[in-house]
Structures are given as structure tokens and as C-alpha cells.
Amino acid sequence: MKRIIIIMMILGALYLLNAEENECEDKKLVIYYGGASVQKLDYKNLNNKMKKNGFKKFDENVNGFFFRQTTIEEKNVFTGEFSIAYSEETKANKNGKKFVIDYENEMNLMIGYGRILYENDNFKFYPVISGGYSQFEMTVTEKDKISFDDALADPKREITFEKKEITIDIGVQFDYLVKVPFFKRNKYINMLELEGLAFGLRAGYTFGIDLPENDLFSTDWETHAIDITGGPGMKRQGPYVAVEIGAWKWDKED
């Protein structure tokens, strides 16, 4: 919790230091990105628990897909991101029964702030600090054939584990903007006011933070909103790199 407070104070200080009373331009740059990333995550404790129980380890190098909106006004950069990580399915035999395990670092929601360090007509470079929410989900399903009576007598054939956490992301971003005259001539694209293509590259490090036990937001393992004891420590934490492609436009202020 202390780390979250410190990081939020730093973000607030950066914003206040840069909120100078300069004459504003009458428009701001908006970039819409879609992209793919690869990230090394901290699955060591989870994999030790899986191996101990006879299941295959998960790959710690996880692929993900995301959508991000970046708004640049003067030197200030504001970002909002939604991402879904790659699902992995493994099979196992345990106590004579067949199981399938599907896991998905299901959803990440992040908002961020950055500051332009270098820019020209086409190129922009800036650091970004983001914070948000991450949810990991893993489903274990028994795949043996059973009778209707057996299913009623013992219905526990599938269980879903969930773990939420707060995430802090520190990275650097490169944007390359290309103006495309065709966008102005195409009536459908012109309706969206898009002016060109954007290509991006981001690299950084994500920190996962577990919160103390509380009634508002639990970061413990759960199944159907019921806490599970003895779960392994696991964080969405590690280095990453992402490549992005999208479009950009000037958003004129009223």
C-alpha cells in the first residue's frame, strides 16, 4: 500500500510541475493503437505448486494483445489501455483421471501519464507511468466420461481460480506518425477524421502489488468470490516489449 501511495504522489507532483500557464494550442493529438506484447511473468511459486500436484508447468513468457488510446496535449501524455493475455491449455492425468487446465491472464485495465522528452513532425519519445487492475484466471476441468447419476452425486467436475492485483507499469514509448493523404479522400475514413498511420514500440517493467486483506478489493486467490487458503504467491510482474500499429488524428477543442 505504501508503494502505491508513493507512486501516486510522484504522478501528482509530475503533473503539477508541468501544468504551467502556457498558451495552449487549439488541438491535441490522439493515437489509437492495437498491438501485441511478450512479457516474462513471475510464475515460479505457481509452477512449483502445479508440479507438486502432478500438473505441467506454465510458460512464464506470456503473449498478449491490447488496445490503447494515447492523447498528447502540449508535452503531456495521457494513456488508457485494455489488454487480454494469451490463453494456454495443458492436459494431465492425476489419480487415474484426465484433466484439462486452461489459464488466461484474463484482463488488464491501465491508465497512465507521461511527458514528451523529444519530438519532431513524425517522431515522439517519452516515458510513461501507468497504474491499474489485473485479473488472472485458471480453470481445472475433469474430462472423464461419467453417468448422469454420478454427476449429480459428485458435481465438482470443474473449478475456476481467480486472483486480482494492482499493477504499476514503468516504460518508455516511441511513436512514429505517417500522414496518409488517402485518408482525406476516402469518405468513410474521413468521417473518423483520421489523418495517418501510427507505429509504436514500448518497453518497460510491470510490478504486481498484493494488498493487505480488506473488504473492498481482495488480492487473495478466490473461486466464485470465495477466498481460497494456501494459494501460491503469483504476480503479473516482469519485463515486457510491445509493438503497435494504429491511426492518429488531431482532436480540435471546442
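Between residue 27 and residue 135, the FRET efficiency estimated from the beta carbon spacing at R0 = 41 angstrom works out to 0.65. Remark: 236, 115 ranked as 115, 236, counting other beta-carbon atoms within 10 Å and listing the fewest first. Over 27 Å between Cα atoms, which of 27/164; 56/145; 40/164 qualify? Among 27/164; 56/145; 40/164, the Cα-Cα distance tops 27 Å for 27/164.
Modelled label-to-label distance, residue 223 and residue 100, 7 Å Cα→beta-carbon offset: nm? For the pair residue 223/residue 100, the computed spacing is 1.9 nm.
Assuming R0 = 25 Å, what is the FRET efficiency of residue 252 and residue 118, from their Cβ-Cβ distance, to the nearest 0.05?
On the way: r = 25 Å, r/R0 = 1.00.
The computed FRET efficiency comes out at 0.50.
The ranking of 167, 70 from fewest to most other beta carbons within 10 Å of each one's beta carbon is 167, 70.
Among 130, 37, 147, which comes first, second and so on when ranked by fewest other beta-carbon atoms within 10 Å? Lowest count first: 147, 37, 130.
Using the beta-carbon distance between residue 75 and residue 45 and R0 = 51 Å, what value does 1/(1 + (r/R0)^6) give for FRET efficiency, to the nearest 0.05? For residue 75 and residue 45, the calculated efficiency is 0.80.
In this simple spin-label approximation, residue 241 and residue 197 carry label points 7 Å from Cα along the Cα→Cβ vector, and these lie 2.1 nm apart. Using θ = phi - 60° in the Karplus curve 6.51 cos²θ - 1.76 cosθ + 1.60, the 3J(HN,Hα) couplings for the stretch 175-184 round to 10, 10, 10, 10, 7, 10, x, 4, 4, 6 Hz; x is entered for Gly and Pro.
Only the coordinates and a few stated rules stand behind these numbers; no lab work does. All values derive from a computational prediction rather than experimental measurement. Here Cβ is always computed from backbone atoms with ideal geometry, including for glycine, and neighbour counts include all displayed protein chains.
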